[in-house]
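Data first, discussion second: the structure below is written as structure tokens.
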Amino acid sequence: MAGCAASIILARKGRSVTLIEREPTPRHKVCGEFLSGEALEDLYALGIDVTSLGAVPIDYVRLAAARRAAEAPLPFPAASLTRKALDTALIAEAIAAGVRVERGRSVQALSRTTGNLWQASLDNGARHEAPTVFLATGKHDLRGHSRPKDPQQWIAFKMYFRLAPAQAAELADASELMLYPGGYGGIQPVEGGIANLCCVVQKRYLPDTRDRWEGLLARMEQDCPHLGMRLACAEPLLVKPIAITHIPYGYVRRTTEDGLYCVGDQAAVIPSFTGDGISIALHTARCGVAAYLAAEPASLFQAKLRSALLPQMRLAEFAADGLNNPLARAVLPFCLRVWPGVMRVTARLTRVAQHSDVASQLVVG
């Protein structure tokens, strides 16, 4: 997403851009699919009308632990839309802007040439050279440009459900965050009358479930009966869940090499519960392009971006650690019934700032 957004902005500024996409066509990805107010603004600027794509307005956030839940209105406009629909629209916009899109091609290596250009070697033997690269490979690392390992061994799963009518009506226009030992999950409506369940767990939570999705889901429902209630008589819509491992939550890139602008999850990976992942992807893409157009060195851009994002990232990490504390899980629902405004405050403080000081291009997505 970050790479596609960057390519659109660059092409509109008259730059020659090649976007290399690993997938032949847009597909479902592990993503909570929450669009915050910042994300909606950036998408509008890119020419994406999420309403016309069927996006569902999200007005409330609910927090559930055990059998208790608390609700608060969101302090900003928000919506929900599947990544497949959103990525399809972004690719179409990139092509319309004049971006050369190579789909179904994987970058195997990214290295410097003797002429001080960047060279991307593709899986089909082809090579592309450019003075500037925007690295946007999402949660997947590119060999030679990897991020630190994930010490807590997070594993994320995603499944679509068609909820029972009564439960769909209860969920309505809310995004629900559910707590259980070893992780948390979120469920919210998306277009087409279905719901997205996205959850993250630490690897230590899996052994008793024999690494099977059915066992994991049953355990989450047992540890958080609110989730069990929500999924009662629900119909799973995928043959198996989408999954991804080793997510380095809390990572913020310190520096980079000359001519290599790192955006999206290659720049920062915020804990999923904040719902700010898509916003950060779009924000870093916009800031990266602005820095490049202003002839700001990539290393300076990366340092400025880190400084701008670090406060929100550290607050989100602190909140995520608190959610995984057994005592906090036990008392939080009671506290939130007395003070639901804490969710609104947390939601506002963990938003990424919308504005910051921050030839041929190659975008690796």
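The values are calculated or read from the model by the stated rules, or taken from the named source; none is laboratory data. Note that the structure is a prediction, hence the values are computed from the model and not measured. Every residue, glycine among them, receives a Cβ derived from its backbone with ideal geometry; neighbour counts consider all protein chains shown. Remember, those area values only see protein heavy atoms, side chains included, never the ligands or the DNA or RNA. Shrake-Rupley method; radii C 1.70, N 1.55, O 1.52, S 1.80 Å.
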Using helices alone, I'd like the mean residue ellipticity at 222 nm for the chain: each DSSP H run of four-plus residues gives -39500 (n - 2.57), total over residue count, nearest 500.
-10500 deg cm²/dmol
With all protein chains present, how much of the accessible area of the chain (probe radius 1.4 Å) comes from carbon and sulfur, to the nearest whole percent?
55
Efficiency of FRET between residue 59 and residue 111 - r from beta-carbon atoms, R0 41 angstrom, step 0.05:
0.30
Which value, in Å² rounded to 10, gives the accessible area of residue 240 with a 1.4 Å probe and all protein chains present?
150
Two-site FRET efficiency, residue 13 against residue 191, from Cβ-Cβ distance with R₀ of 30 Å, rounded to 0.05:
0.45
Express in Å², to the nearest 10, the accessible area of residue 292 obtained by rolling a 1.4 Å probe over the protein heavy atoms while all chains stay in place.
30
Excluding near-sequence neighbours (fewer than 8 apart on one chain), the chain holds lysine pairs with C-alpha atoms under 26 Å apart numbering 21
Ignoring ligands, DNA and RNA, how do 128, 246, 283 rank by accessible area with a 1.4 Å probe, largest first?
246, 128, 283
How much of the DSSP bridge set in the chain is antiparallel, in percent, rounded to the nearest 5?
70
What does the accessible area of residue 273 come to, in Å² to the nearest 10, when a probe of 1.4 Å is used?
40
Probe 1.4 Å, accessible area per residue of the chain, Å²
43
Rank 274, 114 by accessible area, highest first, at a 1.4 Å probe radius?
114, 274
